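The next block holds one structure in the form of C-alpha cells; read it before the comments.
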Amino acid sequence: MRVQVAIIGAGPSGLLLGALLHKAGVDAVIVEQRSADYVLGRIRAGVLEKVTVDLLQEAGVADRLLAEGLVHDGIELSFGGARHRIDFEALTGKHVTVYGQTEVTRDLMHAREAACLQTIYEAADVAPHGFDGTHPTVTYRKDGVAHTIACDFIAGCDGYHGISRASVPPASLKTYERIYPFGWLGVLSDTPPVSPELIYSNHERGFALCSMRSMTRSRYYVQCSLDDKVEAWSDDAFWDELRRRLDRAAAETLVTGPSIEKSIAPLGSFVAEPMRFGRLLLAGDAAHRVPPTGAKGLNLATADVGYLARALAEHYAERSDAGLDTYSQRCLRRIWRAERFSWWFTGLMHRFPETGEFGRKMQAAELDYLVNSTAASTALAENYVGLPLEG
Ligand SMILES: Cc1cc2nc3c(=O)[nH]c(=O)nc-3n(C[C@H](O)[C@H](O)[C@H](O)COP(=O)(O)OP(=O)(O)OC[C@H]3O[C@@H](n4cnc5c(N)ncnc54)[C@H](O)[C@@H]3O)c2cc1C
C-alpha cells in the first residue's frame, strides 16, 4: 500500500488528522492496534475549547456537537464550605463546550466510514521505519499476515504509551516529567449533574470535581491514593466520599445512581521535545500529557493536529515546508503554557500531604485572592477557555 500520510493511532488525534487531511485532498490511512469498540469504550475528556470545536467544524464533523454540546460560560470553585463562580463570558467573552471525547471519537469514526476512508483496526506489531530518510514505511501484522505501508510522512498519534515516540533514538529526544503522588477515582453515572456548571472543590479530605457529559449523564471524580483499587470502592462509598467534599447545598442535591464506569487515573505532566524527527511527526498524548485538572489534554491534542494538518496540506499544495519546519516550535509554545496552567491548577486544588498545614493555608489564601481579584480570575478564565491557533 502507498499513501501520502500513514497515521498511527485512531484516538481523537489520529481521527481528526485523518478528517482534516481528507478535506485538504491529502491521502492518509490510519493504523490502530485496538478494535473500534475498545477505542469508543474509553471514558476520558469532556470539556472542549473553541479551538477544538472550530477544528471539528472545519473537518465537517461538528453537527451533533453543535446540536447537543452544552455551552458553559463559567465554572465554580468550592472551598471553605462555599462556592464562587468564575464567569468566563464576562471576563473573556468566551466559553467552553461540554461534549464527551467518546462522542467526538464516534462522530469522527462515522464520518470516516461514510467517506470510505481506511482505518485498519486490530493491527499488531505496528512500527514506523526509515523516517530519517525520504522513504518511510509503517509495518504491521493483521490476522497473522505482515503488511507494509509506504508513505511520505508518518504521524505518530498513538498516545502516551505508543510506539512512535518509543521508536525515536533516545539521544534525539529530551523529556520532562512530573508524577503526582495521587490519582483521580472517576465515576460515570446516568444521573442529572448536581449543578449546571462544573464544580472544582478544594477540600481538606482532597480534591473533587463534579463534571458531566450531558444533562442526564454525570462524571464525578475524587482525589484518591495511588494505592487505591477500583474494586475496593463500592458505589455507595464513592458517593459518600464525594458528598463529604462538596458544599452543603451541593451535597444535599446530589442525585446518585449506579456507576456505569469506574476507574482510577494516575496524574502526570510530561513533555517530549522536539515533536518532529525527519518524516515522523508526533501529535497529542504521544508527545505530552497534562494532569486533567485544567481540561487541556484533548484540546492540546486537537491543536497539534490543527497545525500538523495545515503544514502537510501546505507541503502538498504549495510545495512549502515552512509549516513542517516550525511545527514543533509552534506546538511546544502552546503545550508549555497549558502544562503551566494544569500544574498550577492541580497544585491549587489538591491535597498534598507533604506540604502540611502551611500548604493548606497557602491554598486558602490563593483561592481567596483568586475569587476576589478580577486580574487573577481573568487569568484563570483565559487559560481555561484556551488560546486560538496562531497563524
Ligand atoms: C484515564 C484518562 C482520563 C483522561 N481525562 C481527561 C479529562 O478529563 N480531560 C482532558 O482534557 N483530558 C483527559 N485525558 C486526556 C485525553 O483523553 C487525551 O489527551 C486524549 O485522548 C489524547 O488523544 P490522542 O489521540 O493523542 O491519544 P489517545 O486517546 O491515547 O489515542 C491514541 C491511540 O493510539 C492507539 N495506539 C497506541 N499504541 C499504538 C500502537 N503501537 N499502534 C497502533 N495504535 C496504537 C491507542 O489504542 C489509541 O487508540 C484523559 C486521559 C486518560 C488516559
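The values are calculated or read from the model by the stated rules, or taken from the named source; none is laboratory data. In this text the structure is predicted, and so the values were computed from the model without any measurement. Positions of Cβ are backbone-derived with ideal geometry, glycine not excepted, and every protein chain shown enters the neighbour counts.
Data overview
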| quantity | calculated |
| --- | --- |
| Checking Asn299 against (1) assigned to a helix (DSSP H, G or I); (2) farther than 14 Å from Glu339 by Cβ; (3) within 16 Å of the ligand (Cβ to nearest atom), the condition it does not meet | (2) |
| Flag for Thr102 being closer than 30 Å to Arg244 by Cβ, of a type in the set (Ser, Thr, Tyr) and either crowded, with 19+ Cβ neighbours inside 10 Å or out of contact with any Ser or Thr (no Cβ under 9 Å at 6 or more places or on another chain) (or both) | yes |
| Inter-residue pairs, beta-carbon under 7 Å, first more than 14 Å from Phe207 (Cβ to Cβ) and in the range 279-295, second within 7 Å of the ligand (Cβ to nearest atom) and acidic (Asp, Glu), 6+ apart | Ala286/Asp158 |
| Unique residue being of a type outside the set (Asp, Glu), touching a helix residue (DSSP H, G or I) at 6+ places or on another chain (Cβ under 9 Å) and closer than 20 Å to Asn383 by Cα when the list is Gly268, Gly284 | Gly284 |
| Any chance Thr293 is within 15 Å of the ligand (Cβ to nearest atom), in a helix (DSSP H, G or I) and closer than 22 Å to Ser78 by Cα | yes |
| Scan of the range 222-241 for residues that are in contact with a strand residue (DSSP E or B) (Cβ under 9 Å, 6 or more places away or on another chain), of a type outside the set (S, T, N, Q) and not in a helix (DSSP H, G or I), ordered by number | Val222, Cys224, Leu226, Asp228, Lys229, Trp233 |
| Residues satisfying the stated conditions in the range 195-206, i.e. away from the ligand (no atom under 16 Å from the Cβ) and closer than 17 Å to Pro291 by Cβ | Asn202, Gly206 |
| Condition met for Ala272 (farther than 30 Å from Ile86 by Cβ and within 16 Å of the ligand (Cβ to nearest atom)) | yes |
| Subset of the range 7-36 that is in contact with a Gly (Cβ under 8 Å, 6 or more places away or on another chain) and away from the ligand (no atom under 13 Å from the Cβ) - its residue that is nearest to Pro128 (Cα to Cα) | Ala28 |
| Residues satisfying the stated conditions in the range 154-194, i.e. away from the ligand (no atom under 16 Å from the Cβ) and buried (at least 21 other Cβ atoms within 10 Å of the Cβ) | Val194 |
| Meets criteria (crowded, with 21+ Cβ neighbours inside 10 Å, closer than 26 Å to Pro291 by Cβ and over 19 Å from the mean Cα position of the chain (by Cα)) for Leu55 | no |
| Qualifying positions in the range 351-366 - in a helix (DSSP H, G or I), under 19 Å from Ser225 (Cα atoms) and in contact (Cβ under 8 Å) with a residue 24 or more places away in the chain | Pro353, Glu354, Arg360 |
| Residues located in the range 307-325, provided they are in a helix (DSSP H, G or I) and surrounded by fewer than 23 Cβ atoms within 10 Å (Cβ to Cβ) | Arg310, Ala311, Ala313, Glu314, His315, Tyr316, Ala317, Glu318, Ala322, Gly323, Leu324, Asp325 |
| Among the residues listed as Ser234, Ser201, the single one being surrounded by 14 or more Cβ atoms within 10 Å (Cβ to Cβ) and either modelled with pLDDT of 95 or more or aromatic (Phe, Trp, Tyr) (or both) | Ser201 |
